[in-house]
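Laboratory data are not the source of any read-out in this text; all were calculated from the coordinates shown. Remember, predicted model here, so these are calculated numbers, not experimental data. Please note: Cβ atoms are built from the backbone with ideal geometry, for glycine as well, and neighbour counts cover all protein chains shown.
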Amino acid sequence: MESFEGRMAVVTGGGTGMGRELARQLSAAGAHVAMCDISEDDMAETARLCESDAPAGTRISTRRCDVSVEDQVVAFRDAVTETHETEHVNLLFNNAGIGGGGGFVDGDRGEWEKTFGVCWSGVYNCSRAFMPLLVASDEAVIVNTSSINGFWASVGPDTPHTAYSAAKFAVKGFTEALITDLRLNAPHVRAAVVMPGHIGTSIAINSRKILGPVDPTLVRKRMAERGLPVDQMSDGDLVALMDQIAVGFRDNAPTTAAQAATIILDGVREGRWRILVGDDAHDIDKIVRGDPEAAYDIDFIDRIRAAGHFRNFLTLDED
């Protein structure tokens, strides 16, 4: 699919981050875009940005939808066919995601299941709902966003990261299995898996809007277990620190959301099924593949940091 002009594209999580930039670049290339998100205000801003750059006649639509809820996804699909007067979709970007539910042994079950639900069930629900429309097209691509945590289930040896990693492994495996399924049953439809590294998005900020505010008691416990000074910090100080980390994750990333969207769309144009995003994703992929048995050793993170990555990456390190 070398050109997106006149194509029908669906983007989940289109309100901010990579979803917003995918919608902007697709519409600027002449694709009609239907996006969903849980924030109507964020989507309205994305739509405004898209409309300012898109060629005349390009259609942009938005709908509030929690992709972890199948009924809402089905309603979104029906709205797409009605609003855009179409019986097919050429591009489906399963991009929506949140972070949370790090601890399985000692963590909140509701937060774990919501994180897994958005990051995995959202991909499943949207793939189920839109597959008939993809098959009905003359050419189509389903693009599922996994993560480096889809091949390395860690953000360091002292931070549990179970829900997000489990979901992203599921997304990667599902997409790879789809390659054969589609080749046999719908050869005009392709599947691609996207594995970003650290991208400058608001995922950490937006996740708290869905999962609820930071629990300072839990943060205090985890920081104390790691030998970090918390005795003189109030609950308010801890919450402020977590907010600062979330903002820093967005603003200090090595790859911007716009750069990530360009890499993804270039990969789709080139027909690639495995799209790594960012130098960190490429390097960590090589390091993990080079010694998978050691990937969860305590000092494995030192190899990644030696390559210039994962410095202060959601680890609350003092350095």
(message) Report the Cα-based extents of segment 1-63 along its three principal axes, largest first, to the nearest Å.
(response) 30, 21, 17
(request) Take the cross-link list LYS221/LYS286; LYS114/LYS286; LYS172/LYS221; LYS209/LYS286; LYS168/LYS286 and give me the ones stretching past 25 Å between alpha-carbons. (result) LYS221/LYS286; LYS114/LYS286; LYS172/LYS221; LYS209/LYS286
(message) Restricting to DSSP H runs of at least four residues, report the calculated mean residue ellipticity at 222 nm for the chain, -39500 (n - 2.57) per run over all residues, nearest 500 deg cm²/dmol.
(response) -15500 deg cm²/dmol
(message) So for each of 114-121, 179-186 I average, over its residues, the number of other beta carbons within 10 Å; can you give me the resulting order with the highest mean first?
(response) 114-121, 179-186
(request) Using only alpha carbon pairs under 8 Å that are at least six residues apart, calculate the relative contact order of segment 154-286 and give it in whole percent. (result) 34 percent
(request) Measure nothing but the geometry: give the 0 to 90° angle between the long axis through the Cα atoms of 216-225 and the longest principal axis through the Cα atoms of the chain, rounded to 10°. (result) 60 degrees
(request) Within 10 Å, count the other beta carbons around each residue, average over each peptide in 27-34, 283-290, and list them highest first. (result) 27-34, 283-290
(request) Please determine, in degrees from 0 to 90 and to the nearest 10, the orientation of helix 257-269 with respect to the longest principal axis defined by the Cα atoms of the chain, where the helix direction is its Cα long axis. (result) 50 degrees
(request) With the convex hull built on the Cα atoms of segment 1-134, state its orientation-averaged projected area in nm². (result) 8.1 nm²
(request) Could you tell me how many degrees, from 0 to 90 and to the nearest 10, lie between the Cα long axis of helix 235-251 and the main elongation axis, the longest principal axis, of the Cα atoms of the chain? (result) 40 degrees
(request) Could you tell me which Cys residues in the chain have no other cysteine's Cβ under 4.7 Å from their own Cβ, answering none if every one has a partner? (result) CYS50, CYS119, CYS126
(request) Filter the GluC sites (Glu not before Pro) in segment 66-136 to those in DSSP coil with at most 14 other Cβ atoms within 10 Å of their Cβ, and list the result. (result) GLU85, GLU87
(request) Would you please put 128-140, 156-168 in order of how densely packed they are, using the mean number of other Cβ atoms within 10 angstrom per residue and starting with the highest? (result) 156-168, 128-140
(message) When only alpha-carbon atoms are used, what values of Rg and Dmax, in angstrom, describe the chain?
(response) 19.6, 63
(message) Between ARG183 and GLU2, how high is the FRET efficiency from 1/(1 + (r/R0)^6) when r is the Cβ-Cβ distance and R₀ = 22 Å? Nearest 0.05.
(response) 0.65
